[in-house]
Structure formats: C-alpha cells, structure tokens
Amino acid sequence: MKKIAVLTSGGDAPGMNACIRAVVRTGIYHGLDMYGIRYGFDGMINGEIFKMKSHDVSNIVQRGGTFLKSARSHEFRTKEGRQKAFEQLSKLGIEGLVAIGGDGTFTGAKVFYEEYGIPTIGCPGTIDNDIYGTDYTIGFDTAINTALEAIDKIRDTAAAHDRIFFIEVMGRDSGYIAVECGLGGGAEMVMVPETKTTLAEVVEKLKGSPTTKTSSVIVVAEGDEEGNAAEIMEKVKTTINDDSLDFKVTTLGHIQRGGSPTGKDRMLASRCGMAAIEGLMSGKANCMAGIIHDQVAYTSFEDCITKDKPLNQDILKLIEILSI
Ligand code: F6P
C-alpha cells in the first residue's frame, strides 16, 4: 500500500486535528504518500482530495474543530454517490482510507469497503463516547470539561438565587456526557436515555430537597425519553405547583463541540491515528482502531456499529449516593 487518504466526517470533535496529524505523519514516516479529503464523504464524491506534506499538519495539534472540515453526507448514502467517490479515489490511485468519526461515519465506510474493497480503518471521533470498541472517544474528555466549566458557573448563580436548574447536555442517544458531568458537577440527578427516570422521581427528589438544599442542578441528556430539558422542566414545574420554587433551564449545545482538546484527547487521538496507519500497513481493514485498557485494539466496524457500550451503573448509583 502506497497511497492513503484521511477524512473527518459527522459531528466534529476536539482532537480530530491531532488525529489527522498523527495519521499523516505516521504515513509519511513509513514512506507512504498521504492525502487529505475535505468535507468528509462529500469531498470524496466531489474530488476535494489533495496531497499532504508533513508541514500541512503543523500547528494543529492544539486546535478544536477539524481543518479538513466535516459533513454529514446524504449523497454517500446512495449507490451513485459511492460510485463517484470510488472513481475519485481510483483517479489518484488511493489504496487505503482512514475515516475519523462516529457510528454514522463507520456505517458509510463499511458499506463502501464491502462494495469497492478499499481497505479502511476508522478512528473514534465523537464527543458522545458511544462507540463500542474503545474505552473513550476522541473529543469526549474535552466536551465534559467544557460542560463542567459551564455547570460550575451555573451552580454559582443557582446557589445565589436558590434556583432549580435543568441543564441539557449533548450526546444524541447516549448518556455518557450527562453521567460524567452529573458526577463531576455534583448534580442532584441525571436523566439519560439508557436508564429511565420518571418525572415522578424528579418531583419526589426536588420536593425532598428544599429543607436541606436551597438550589439544585439536574443534568439532562438531550436524548432523554421524557423530552428535552425545557419540556421536562415545564412538566416538573406544573406538577410541583409551588410558586416559592424558581425553575430555570440552560441548554449547553454546541459549545461542547469546540475548544482546544485536553491532554487526554490529544493523546488518544495521536495513538488512534498512528494505529490506523499501522493497521492498514499490516493488512487490517473494515475496522476501527481504538484504545481498550491502554492498549490499541482493532474492532470490526460491524461490532462498533451494532454493539452497545453500556453506561457504568456504578457511576449512576454513585451520583444518587452523593446527592443526598
Ligand atoms: O454526535 C455528536 C453530536 O454533537 C451529538 O451529541 C448531537 O446530538 C449531534 O452531534 C448534533 O449534530 P449537529 O451538529 O449536526 O446538530
């Protein structure tokens, strides 16, 4: 294998740049020709592919976002789109791919590999941490630190005014961000899609609080089945029906996706990037390079996409214990 291209796809995550850098430099170190693809699979279809030198990835290890840009491609979901993408890669003689992203990215990469046989390895780049086959995903650590900083600030004002705050964090269908922020931010409760928390339980908790606590923070994962934080707050407020209680809601939103990656994310990104290139060189394909128990681990795209990575129930219990 002589020519490998790298792309970032789906929601960006802090540390993607560090991962691109590791992919490009490891490839060059091993004597390969490295290419970058702009705008993920869309760029592959449109031929936005360019040769990369080592200095092209200088001064990006510390930057959030992705300098290759990202997109959620609709065209790549079609046979015609993937055919165009294959033609673009063939024109340049590209024989291997590294796709940095989440489960949507790996789903696309898997179909493409099955149709055209271009060896592809993924790197887990998503703030959601919901990918099977790696203990952590690139961007998760930065996202929870960003969210925690915000939660700490909200706590100050919540305490000053004796208020009850519902804070919504990202994570699509996954409660990883909510759980870590809930624990680290000293939340009274967390609401996550994986474990049902009824509105009655929230009401019960808040009714029990005022004698001992003057303010409360409830962290809600955006995918919670009771609704978004604003909807949950309204329902709880109506049920409690106590004018002495002051309710507020904050949705942290895309602030969680930006910012300079933490040391942990830079380390993870660099290790996965290197593992992706070395995996391709050793003949691996159709899988993701992750880190499990501090060791590089390759997991088939099939498993990454279909297997659940369950939340640690001990941490949920811990949040309950620590919020008495
Ligand atoms: O997958 C990462 C993520 O930030 C999710 O947590 C969130 O649901 C989604 O992306 C938001 O996507 P977009 O930026 O396209 O609105």
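Only the coordinates and a few stated rules stand behind these numbers; no lab work does. Predicted model, so just to flag it, every value in this text is computed and none were measured. Reconstructed Cβ throughout: ideal geometry from the backbone, glycine too, with neighbour counts over all protein chains shown.
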> Mind checking the angle between helix 199-208 and the chain's longest principal axis? C-alpha axes, 0 to 90 degrees, to the nearest 10.
Replying inline: 50 degrees
>> What do you get for the angle between helix 229-240 and the principal long axis of the chain? Use alpha-carbon atoms, 0 to 90 degrees, nearest ten.
In response: 20 degrees
>> Which of V219, V192 has the fewest other C-beta atoms within 10 Å, and how do the rest follow up to the most?
In response: V192, V219
> So what is the 222 nm mean residue ellipticity for the chain from helices alone, if each DSSP H run of at least 4 adds -39500 (n - 2.57) and you divide by all residues, rounding to the nearest 500 deg cm²/dmol?
Replying inline: -13500 deg cm²/dmol
> Dipole size in debye (nearest 20) for the chain around its Cα centre, Lys and Arg Cβ +1, Asp and Glu Cβ -1?
Replying inline: 1360 debye
>> From the phi angles alone, apply the Karplus equation (6.51, -1.76, 1.60; θ = phi - 60°) to the stretch 110-124 and give each ³J(HN,Hα) in whole Hz, x where the residue is Gly or Pro.
In response: 5, 4, 4, 4, 5, 7, 10, x, 7, x, 10, 10, x, 10, x
> With springs only between Cα atoms under 10 Å, which of A71, A289, A22 fluctuates most in a Gaussian network model of the chain?
Replying inline: A71
> Normalised by the residues of the stretch 1-51, what does the relative contact order come to in percent, with Cα pairs under 8 Å and at least six apart?
Replying inline: 43 percent
> Using only Cα atoms, what Kirkwood radius does the stretch 1-142 have, in angstroms?
Replying inline: 14.8 Å
> In what order do Y116, Y132, Y35 fall by count of nearby beta-carbon atoms within 10 Å, going from fewest to most?
Replying inline: Y116, Y132, Y35
>> Quick check: convex hull over the Cα atoms of the stretch 127-189, volume per residue in Å³, rounded to an integer?
In response: 73 Å³
>> How would L318, L7 line up from fewest to most surrounding beta-carbon atoms within 10 angstrom?
In response: L318, L7
> At what distance in angstrom do the alpha carbon centres of the stretch 48-127 and the stretch 235-274 lie from each other?
Replying inline: 28 Å
> Pick from E278, E168, E231: which is most flexible by mean-square fluctuation in a GNM of the chain where alpha carbon atoms under 10 Å apart are linked?
Replying inline: E231
> Using a cut-off of 19 Å between alpha-carbon atoms, which aspartates and glutamates can reach K307, once sequence neighbours fewer than 8 places away in the same chain are excluded?
Replying inline: D103, D128, D130, D135, D173, E194
> What angle do you read, to the nearest 10 degrees and between 0 and 90, between the alpha-carbon axis of helix 79-92 and the longest principal axis of the chain?
Replying inline: 50 degrees
>> With a cut-off of 8 Å between alpha carbons and a minimum separation of six or more residues, what is the relative contact order of the chain in percent?
In response: 23 percent
>> Skipping prolines and chain starts, which residues have an amide H placed within reach, meaning under 5 Å, of the one on I291, given they are 5 or more residues away or on another chain?
In response: D135, Y136, A297
>> Given axes a ≥ b ≥ c from the Cα gyration tensor, I'd like to know whether the stretch 249-324 is rounded (a/c under 1.5), prolate (a/b larger than b/c) or oblate.
In response: prolate
> Which far-off residues, 5 or more places away or on another chain, put their amide H under 5 Å from the one on R163, with H placed in the peptide plane?
Replying inline: S216
>> Given contacts defined as C-alpha pairs under 8 Å and at least six residues apart, what's the relative contact order of the stretch 121-180, whole-number percent?
In response: 35 percent
